[in-house]
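The values are calculated or read from the model by the stated rules, or taken from the named source; none is laboratory data. Being a predicted model, the structure only gives us computed values, none of them experimental. Cβ coordinates were reconstructed from backbone atoms using ideal geometry, including for glycine residues, and neighbour counts include every protein chain displayed. Just so you know, the surface numbers come from the protein's heavy atoms only, side chains and all, with ligands and any DNA or RNA stripped out. Shrake-Rupley method; radii C 1.70, N 1.55, O 1.52, S 1.80 Å.
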Amino acid sequence: MDTNRNLVLLGAQWGDEGKGKIVDLLTARADAVVRFQGGHNAGHTLVIKGARTVLHLVPSGAMREHVACLIGNGVVVNVPHLLEEIGSLEQHGLDIRSRLQVSPGCPLILPHHIALDLAAERARGKQAIGTTGRGIGPCYEDKAARRGLRIGDLLKPDSFSDRLRAVMDYHNFILEHYYRSETMDFHATLDECLSWSGILQPLIGDVSARLEALRQQGRTVIFEGAQGMMLDVDHGTYPFATSSNTTAAAAATGSGIGPLDIDVVMGVVKAYATRVGAGPFPTELEDDVGQHLASRGHEFGATTGRPRRCGWLDIVALRRAVRVCGIDTLCVTKLDVLDHLDPVRICTGYEYEGLEAGFPLYNAQDLEACRPVYESLPGWQAGTAGLRSYEDMPENAKTYLSRISELVGCPVSIISTGADREDTIVLENPFSGGYRETSPE
Ligand code: GDP
Ligand code: IMO
Ligand code: MG
């Protein structure tokens, strides 16, 4: 019998680890999938028998008709984008509307957030973060400043109009006088927002209460992280981060469950490392190996199409992700991308000014100055692409995986060997693992 009912699945690096694929795979055993942070800056790719779907806001339970898809209060929502995504899934014959529930507490991404995101990036010049330009940061700023508008506010048109005017006056002042860029039209924005109310009303519901009911019924729920641990606004490579908490605890605050209701945390990690946008990346490879990883791994952003920077797996960063997120078990993806490299390297430590260093806390500049220390392992020079059985795995690939597990002190329960849902080896069912059992003494 399953013992882990609430599973948090999150990226243990800088995003794009293959979270969407693994959530979709695990929904065979789940009743609901919840997004709890981020917005449509996420791009989660699902490939089922060769057919590719990229989801940005709709949880990756979309492809299975028995799965409820919930969007928790921690997610910032761009309504036109959400409606477009629903429409596109419906065009593919998926009934998503009846399974989708959106929390009234979700902050609304409005046109001025996008204008502010783009203007702020322009103003940063060489220090630009390389955001996705989706208005994510400014929307979270409004939430923290307590002036933002939320999904539930759409159901109260009179006060919505007054509050929208106030917030737009404020932002238009900044757009015009600080950024010297174009302002946004209040009436056009209001009309657009009010046109959403009727369509959204049936989708709005109390996600926290729904999760409590699911728990009482003994149902299985996956909390789907977006971005990755190293992009967390507190624990990541600040200021080169996103504007939400991407760590496991955010699954509770961003959906309305208690922290003790998280039963298991799975960290998804690529067999190497990638990063989109600017910011420190100690193991980055700007040579032929980096190019090989990029081309064999098709490393282009699922949201913006930008090329992803590539490098070797960074154990220092991964250990930190395991600690900060309380990761119980790992899923290693894209192992097949390393198939033709020999040797393969793992960064096991950093050097800072010639001395051994730990992960520099809260300072992107220090991380920029760290040099990786590598351990080399023999490559396997054989195809793992599409392998579905652990027995068929080359010995050197098994050694690589067990070395990762040993270095971070965490078991590997899933291995992904291709983009397709079926190209996966499940060593241990994450819903039944007793990962937190303590020894008898
Ligand atoms: P997410 O944001 O974490 O869901 O990841 P993305 O979808 O942005 O990026 C992961 C990319 O790798 C997608 O194109 C997936 O189809 C692909 N992918 C996932 N797992 C594997 C794998 O094991 N091998 C290969 N070659 N591709 C994979
Ligand atoms: P998924 O869920 C990879 C990066 C951006 C930028 C920084 C801030 O697909 O893994 P933002 O628009 O959030 O203000 O940008 O965060 N970023 C991602 N990188 N995967 C993502 O999502 C990302 N979402 C944001 O490239 O560096
Ligand atoms: Mg992605």
**Report entry** Per residue solvent-accessible surface (Å²) - the chain, probe of 1.4 Å
**Finding:** 42
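Could you tell me whether the range 119-173 comes out rounded, prolate or oblate from its Cα gyration tensor? Rule is a ≥ b ≥ c as square roots of the eigenvalues, rounded for a/c under 1.5, then prolate if a/b exceeds b/c, otherwise oblate. Please list the in-between numbers first.
Values: a/c = 3.21, a/b = 2.19, b/c = 1.46.
In terms of gyration-tensor shape, prolate.
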Query - Value at 222 nm in deg cm²/dmol, rounded to 500, when DSSP H runs of n ≥ 4 in the chain each add -39,500 (n - 2.57) - result: -9000 deg cm²/dmol
Report task. Search the structure for amide H atoms under 5 Å from the amide H of T333, placed 1.01 Å from N in the peptide plane, and list their residues when 5 or more places away or on another chain. Result -> V269, K270, A271, S416
Requested in this report: Return the single residue from A128, A317, A12 with maximal mean-square fluctuation; model: Gaussian network over the chain, springs between Cα atoms under 10 Å.
Outcome: A128
Query raised in the report: GNM, the chain, Cα, under 10 Å: largest mean-square fluctuation among Y350, Y140, Y362?
Result: Y362
Query raised in the report: Rounded if a/c is under 1.5, else prolate if a/b beats b/c, else oblate: with a ≥ b ≥ c from the C-alpha gyration tensor eigenvalues square-rooted, which is the range 338-441?
Result: oblate
**Report entry** Of V23, V265, V54, the one that fluctuates the most in a GNM where the chain has Cα springs shorter than 10 Å
**Finding:** V54
Report task. Indicate, rounded to the nearest 5 percent, the antiparallel portion of the DSSP beta bridges found entirely in the chain. Result -> 40
Query - Scattering curve values for the range 111-202, log₁₀ I(q)/I(0), Debye with Cα scatterers, q = 0.12, 0.18, 0.23 Å⁻¹ - result: -0.40, -0.84, -1.23
Report summary line: Taking only the alpha carbons of the chain, the radius of gyration and the largest Cα-Cα distance, Dmax, both in angstrom, are 21.7, 68
Query raised in the report: Counting only protein heavy atoms, what percent of the accessible surface of the chain is carbon or sulfur at a 1.4 Å probe?
Result: 49
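What trypsin sites (Lys or Arg not before Pro) does the range 101-166 have in DSSP loop regions with at most 11 other beta carbons within 10 Å? Spell out each step's value before the answer.
On the way: sites: R122, R124, K126, R134, K143, R146, R147, R150, R163, R165; in loops: R134, R146, R147.
Listed in order of number, the matching sites are R146.
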**Report entry** Candidate lysines for bridging to K21, where Cα separation is under 20 Å - those fewer than 8 sequence places away on the same chain excluded
**Finding:** K49, K270, K334
**Report entry** Gyration tensor verdict on the range 25-89 (Cα atoms; rounded if a/c is under 1.5, prolate if a/b is larger than b/c, oblate otherwise)
**Finding:** oblate
Query raised in the report: Helix 395-408 sits at what angle to the longest principal axis of the chain, using alpha carbons and giving 0 to 90 degrees rounded to 10?
Result: 60
